[in-house]
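To keep things clear, I will list the structure first and then write my remarks on it.
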Amino acid sequence: MMHKYLLIVFFCVANYSCSFAQMQAAQKTSWDFDTTVKFNKPVPALWDAIKDPAKWATISNGYITSIDAKGEAQNLKREITFADGSKRKDEVTQYQPEYKFIVLKVTDPVPASITTNTLAFHAATEGEGISSLHIFFRAEGDEAQKAGLISALRKEIANYMEGLRKN
């Protein structure tokens with residue numbers, strides 16, 4: 001009888017421990033930059049302007065002179081030529097038009113210490129005739145090299161925002 005009692009207690013404790021382990025809180029992702037910009041246009045108009053990353057030179061306010069794109073929306077690989085003649089390669093790693101969500105990864109040049117990077121864009125409705133574009137970025141690696149990448153991306157994004165305001 002004592003053996004059955006100990007076995008029941010053991011399973012109760014084991015079950016409680018397993019349940020507790022499964023219920024721990026999810027870790028919150030911290031972004032290196034996270035901004036939302038509102039536009040006086042409905043979300044379909046905003047989404048129409050950004051839904052094709054192969055054409056983002058048109059919304060770059062002259063910051064980008066050309067984009068050579070290969071592939072489909074998901075896994076689209078882009079070679080971007082900037083107005084100063086520099087180039088960068090990136091790829092679309094996630095494309096979800098039903099959620100108006102695009103994720104990119106810079107592939108070249110990337111500082112050697114940067115192990116991962118994620119740049120995401122999400123268009124949403126803020127009210128009647130008002131939309132927002134949420135832009136967020138995260139990278140892992142050396143803080144100084146990450147700061148340089150963040151600075152370059154912020155400048156590029158500022159030009160996208162200006163171009164979207166003009167369109």
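Okay, here's what the table says:
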quantity: Filter result (outside any strand (DSSP E or B), among the small types (Gly, Ala, Ser) and touching a Ser or Thr at 6+ places or on another chain (Cβ under 9 Å)) within the stretch 45-89; calculated: ALA45, ALA49, ALA57, ALA83, GLY85
quantity: Candidate set from the stretch 130-148 (those that are farther than 30 Å from ASN40 by Cα and touching a residue at least 24 places away in the same chain (Cβ under 8 Å)); member that is surrounded by the most Cβ atoms within 10 Å (Cβ to Cβ); calculated: ALA139
quantity: Test result for GLN74, modelled with pLDDT under 95 and in contact with a strand residue (DSSP E or B) (Cβ under 7 Å, 6 or more places away or on another chain); calculated: yes
quantity: Test: residue in the stretch 143-151 that is under 14 Å from the mean Cα position of the chain (by Cα) and assigned to a strand (DSSP E or B); calculated: no
quantity: Looking only at the stretch 57-85, and only at residues there that are of a type in the set (A, V, I, L, M, F, W, C) and over 21 Å from PHE101 (Cα atoms), the one that is most open to solvent (accessible area, probe 1.4 Å); calculated: ALA83
quantity: Members of the stretch 151-160 that are buried (at least 17 other Cβ atoms within 10 Å of the Cβ) and more than 18 Å from THR93 (Cβ to Cβ); calculated: ASN159, TYR160
quantity: PHE101 being closer than 15 Å to LYS51 by Cα and either loosely packed, with under 15 Cβ neighbours inside 10 Å or at pLDDT 95 or above (or both); calculated: yes
quantity: Out of ARG88, ARG165, sole residue that is farther than 19 Å from SER30 by Cα and buried (at least 18 other Cβ atoms within 10 Å of the Cβ); calculated: ARG88
quantity: Selection count, the stretch 36-56, where residues are open to solvent by less than 50 Å² (accessible area, probe 1.4 Å) and more than 13 Å from LEU164 (Cβ to Cβ); calculated: 2
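The values are calculated or read from the model by the stated rules, or taken from the named source; none is laboratory data. Computed from a predicted structure; not experimentally measured. Cβ coordinates were reconstructed from backbone atoms using ideal geometry, including for glycine residues, and neighbour counts include every protein chain displayed. Protein only, heavy atoms only, side chains kept; ligands, DNA and RNA dropped before computing areas. Shrake-Rupley method; radii C 1.70, N 1.55, O 1.52, S 1.80 Å.
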